[in-house]
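Quick notes on the structure that follows.
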Amino acid sequence: MGKGSVVPPLIHFAQLEKVLNHARANSLWPLTFGLACCAIEMMAAAGPKFDLDRFGAGAFRASPRQADVMIVAGTVSHKMAETVKRLYLQMPAPKWVIAMGNCAISGGPFNLDVNYSVVEGVEQIVPVDVYVPGCPPRPEALLEALLQLEAQICGTRRFPEPPPAMPKVA
Amino acid sequence: MTFIEETLEGLDISVEYPDSALTGIDAQAEVSVEQIRPLSRTLFYAGLFLESVSAIDLIADEIIEGVYLFNHYEQHVRLKITMKTDRTTPKFPTIGDIYPGAVWHEREAGEFFGIDFEGSKDKRNLLLPVETTFHPLRKDFKRPEQAGKIQ
Amino acid sequence: MFDSQENSTYQLEPVEDNQFVLNLGPQHPGTHGVLRVILHMDGEYILTADPVLGYGHRMQEKIAENMPYTQILPYMARMDYLAALSFNQAWVCVVEKMCGYEVPRRAEYIRVLTTELNRISSHYLWFGAFLLDLGAFTPFLHAFADREMILDLLEEVTGSRLTYCYFRFGGVSSDVDDSFLQGVQDFVEHMRSHLKTYHELVTGNVIFQMRTKDVGVILPFDTWGYGLSGPVLRGSGEKYDVRISEPYSIYPELDFEIPVERDGDCLARYMVRMREVEESLNIIQQTLDKMPDGPVRSKVPKIIKPPAGEACMAVETPRGELMIHVVSDGTKVPYRVRYRVPSFGNLSVFSRLAKGQLLADALAVLGSLDLVIPEVDR
């Protein structure tokens, strides 16, 4: 299991946990939580062409109490940081976080000398399990992030690894 | 007689007409701080809409210049009104009770430049958090130490 | 008449028995991003609505004061990510105006063609999101399927799906080829026939009509007081479109209508946008027919230093009038850049519209304003 669990369970049921993790991994419910540009690509990922529902992750919940994946899609400002943290705390454990886009990873294009408003990296606020780079990332990248999250949760990857985008230089 | 001349008749404001093909501004005028309220009332009743209320920090002259841009839906004239204020305690009269849309523009200019819009009922920060003390669009603004970090 | 300040100033004070304060957002599916509205409610009715902005503030005006003219261009796409090309166009046009750069005719045609495609994709996203707000899910799927076709086409020429940075000072970054033009032609024909489905599915729907008719009526008096523009304004009977009033690019050579509705309610704004899609298809068809040959980029210096002075440039984005006011001091960095964004004015009228409405109607009004919050917050 990833960092998702806040408090480790008191008694471990090893086999039962494995079964439960498979169930969890195959029905990730993301939180409807768009901050900026990346939210549109998140919507596109849920749309008809990319269809997040194929992976059991299409049930976007508007309430954090029903969600178990938080996709931080966009720029987190200082004004927003408190809300992001509160939403994370409102989600029931086990819970996971995907930092989608450069802004959520590091502040991205707004990580500048004059920055006074943008939080440089959402991992300062919440623990992040998967980072998806891009400005904004393509919906395929978000799908891959969810597959990686599944692999993190239950230990097995559902699909074969994608071929490397760039051939490795020896 | 152009539309702007007709509208501003009797207000004692000297209007210049820059080349609109090069600047996009059809008419411009510099007014004193007392004139802006009667002027904007005239403009409101003439049907000009407010494009923006903003400011420019002219740090070399120790002046903050307020820039008001108006336009008209049918006449298509962009009118730029400027007025100057002291940089240490910048103050402009509000036009928020004349143009209801100006309230947000004034709140924004207020937080970004530290301008006090006198008479405005709503002087809260619009975009920055409530506790913000700095004025980011001033030219001598330095990045706050804690920016980008969360304790 | 002038009680807007009273509307927008909300104070926490003891409320009466059946009154309460409702906090809407910043995380709420109906606010389309990170808008927060503090509502003072009496049962299901709204007494006052006070929007709280700034949750997506990204320092665009400060960044523009600290970047060379060329490097600001990518930030324009991040401001309004649904109409990145309109914002691209505003920035390149204002710099071209200041420096006096020539733009080849083919580049102007490509600019208009891609911007209008972008406008359709923006209206489709609004269409899907607005109907999601009203509780209809299927139109979202239709709109997104068609929107993906536009994104595929634009990706072919611009290289990105959403935050395009395609225009350059004095032209566009790369030429379009015949397969792209053929793809656009196919899309136009597909869309002309498919738009009927949209109208059959939604426009005539009784529930939709009842949710939107006479809801959130913008009176003519409010239009210029709040500085409205775009479809929100044209839904209230004012025929104002920057493409006609301050013509730029090749729009004067094209023949198109400006759709205007008189009612000023949510349905009128919906109809304006749907008719604008048809007009955009007309414009695209005309640019395809007239597309000239030639270069797509004129020679401009590597380092751009406009002469000292100022310039205003307005363009019509899908949401309304975007005006950029640049003050230059003759260096390679602008002295001051002011963005007058359309959603800012369009959102400021919300507290007036929401007063006295049912909560569910207020969300329909919010949806019909077509807001992009990072554009309001900049």
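Considering only beta bridges that DSSP places wholly inside region B:3-147, some 75 percent are antiparallel. A Förster distance of 45 Å, applied to the separation of the beta-carbon atoms of B:Glu131 and C:Lys332, puts the FRET efficiency at 0.80.
Could you compute how much accessible area chains A and B hide from each other, both sides summed, with a 1.4 Å probe? Nearest 100 Å² is fine. Don't jump to the answer; show the numbers that get you there.
Numbers: alone 9750 and 9070 Å², together 17770 Å².
Protein heavy atoms only, the A-B interface buries about 1000 Å².
For the protein assembly as shown, the residue among B:Ala55, C:Cys165, C:Ser229 whose Cα projects farthest onto the positive side of the dipole built from Cβ charges is C:Cys165.
Taking the Kirkwood radius as Rh and the Cα radius of gyration as Rg, the protein assembly as shown has a ratio of Rg/Rh equal to 0.96.
Estimated at 0.36 nm per residue, the fully extended path between A:Phe159 and A:Ala59 surpasses their Cα-Cα distance by 33.9 nm. Screening chain C for whole DSSP H helices of 20 Å or more along their axis (Cα) with average Kyte-Doolittle hydropathy at least 0.5 returns C:84-99.
Looking at chain C as a GNM with Cα springs under 10 Å, which of C:Ile72, C:Ile207, C:Ile120 has the largest mean-square fluctuation? Comparing C:Ile72, C:Ile207, C:Ile120 in the GNM, the peak value goes to C:Ile207.
Computed packing ranks the peptides C:267-277, B:85-95, B:12-22 as C:267-277, B:85-95, B:12-22, most packed first, by mean other Cβ atoms within 10 Å.
When you count, for each residue, the other Cβ atoms within 10 Å and take the mean per peptide, how do C:106-112, C:84-90 rank with the highest first? Can you show the working numbers first?
Working: C:106-112: 22.9, C:84-90: 27.1.
Peptide ranking by packing, descending: C:84-90, C:106-112.
Measuring between their Cα centroids, region A:118-149 and region A:60-85 lie 13 Å from each other.
Maximal additional length on extending the B:Asp116-B:Glu62 stretch stands at 17.8 nm, based on 0.36 nm per residue less the C-alpha distance. Share of the protein assembly as shown's accessible area from carbon and sulfur, percent, 1.4 Å? Carbon and sulfur atoms account for 55 percent of the accessible area of the protein assembly as shown.
Paramagnetic label reach from C:Met291 (point 7 Å along Cα→Cβ; backbone nitrogen cut-off under 19 Å): within region C:129-162, residues C:149-160. Accessible surface buried by the C/B pair amounts to about 4300 Å², both sides summed, 1.4 Å probe. To the nearest ten degrees, helix B:102-113 and the longest principal axis of the Cα atoms of chain B are 50 degrees apart. Between B:Thr94, B:Asn125, B:Val31, the Cα set farthest toward the positive side of the dipole of region B:3-147 (charges on each charged residue's Cβ, about the Cα centre) is that of B:Asn125. When a/c reaches 1.5 or more, the comparison of a/b and b/c decides; with that in mind, is region A:27-170 rounded, prolate or oblate per its Cα gyration tensor? Oblate shape, in that a/c is at least 1.5 and b/c is the bigger or equal ratio.
Other protein chain C-beta atoms within 10 Å of residue C-beta, averaged over C:58-66: 6. When chain C is treated as a Gaussian network with alpha carbon springs shorter than 10 Å, the biggest mean-square fluctuation among C:Ser122, C:Ser245, C:Ser298 belongs to C:Ser245. For region B:26-101, GluC sites (Glu not before Pro) are listed when DSSP marks them as loop and at most 11 other Cβ atoms sit within 10 Å of their Cβ; the list is B:Glu62, B:Glu74. Distance between Cα centroids, region C:153-209 to region C:115-141: provide it in whole Å. That distance is 13 Å. When B:His76, C:His123 are compared by accessible area at a 1.4 angstrom probe, the order from most to least is B:His76, C:His123.
Between C:Val92, C:Val176, C:Val232, the Gaussian network model of chain C with springs among Cα atoms under 10 angstrom shows the greatest mean-square fluctuation at C:Val176.
Among residues other than B:Phe3 whose Cβ falls under 14 Å from its Cβ, what is the net charge (Lys/Arg +1, Asp/Glu -1)? Don't skip to the end; give the middle numbers.
Values: positive: B:Arg78; negative: B:Glu5, B:Glu6, B:Glu9, B:Asp26, B:Glu74.
Taking every Cβ under 14 Å from that of B:Phe3, the sum is -4.
For the protein assembly as shown, the solvent-accessible area works out to 38 Å² per residue, with a probe of 1.4 Å and every protein chain left in place. Checking the a/c ratio against 1.5 first, then a/b against b/c, what shape does the Cα gyration tensor give for region B:3-147? Since a/c reaches 1.5 and a/b is larger than b/c, the shape of region B:3-147 is classed as prolate. Per residue in region C:212-230, which ones lose no less than 50 Å² of accessible surface when going from chain alone to all protein chains (1.4 Å probe)? Those residues are C:Trp224, C:Gly225.
Of the beta bridges DSSP finds with both residues in the protein assembly as shown, what % are antiparallel, to the nearest 5? Of all bridge pairs located within the protein assembly as shown, approximately 75 percent are antiparallel.
Inter-chain Cβ neighbour count for B:51-62, averaged per residue, equals 4 (cutoff 10 Å, partner chain atoms only). Packing, as the average of other Cβ atoms within 10 Å across residues, places the peptides A:111-121, A:32-42, B:128-138 in the order A:32-42, A:111-121, B:128-138, highest first.
Computed from Cα positions, the angle between helix B:36-45 and the longest principal axis of chain B comes to roughly 60 degrees. Measuring heavy-atom accessible area with a 1.4 angstrom probe and counting protein chains only, the residues of region A:138-161 that give up at least 10 Å² relative to the chain alone are A:Arg138.
Report, as an integer, the average count of C-beta atoms from other chains found within 10 Å of each Cβ along A:36-46.
Working: counts 13, 11, 3, 6, 10, 5, 0, 7, 7, 0, 3.
For this peptide, the per-residue mean of nearby foreign Cβ atoms is 6.
If you count Lys pairs in region C:60-377 whose Cα atoms are under 25 Å apart, skipping same-chain pairs closer than 8 places in sequence, the total is 16.
The values are calculated or read from the model by the stated rules, or taken from the named source; none is laboratory data. Quick caveat, the model's predicted, so the values are computed rather than measured. Neighbour counts are summed over all protein chains in view; Cβ atoms, including those assigned to glycine, are modelled from backbone coordinates with ideal geometry. Just so you know, the surface numbers come from the protein's heavy atoms only, side chains and all, with ligands and any DNA or RNA stripped out. Shrake-Rupley method; radii C 1.70, N 1.55, O 1.52, S 1.80 Å.
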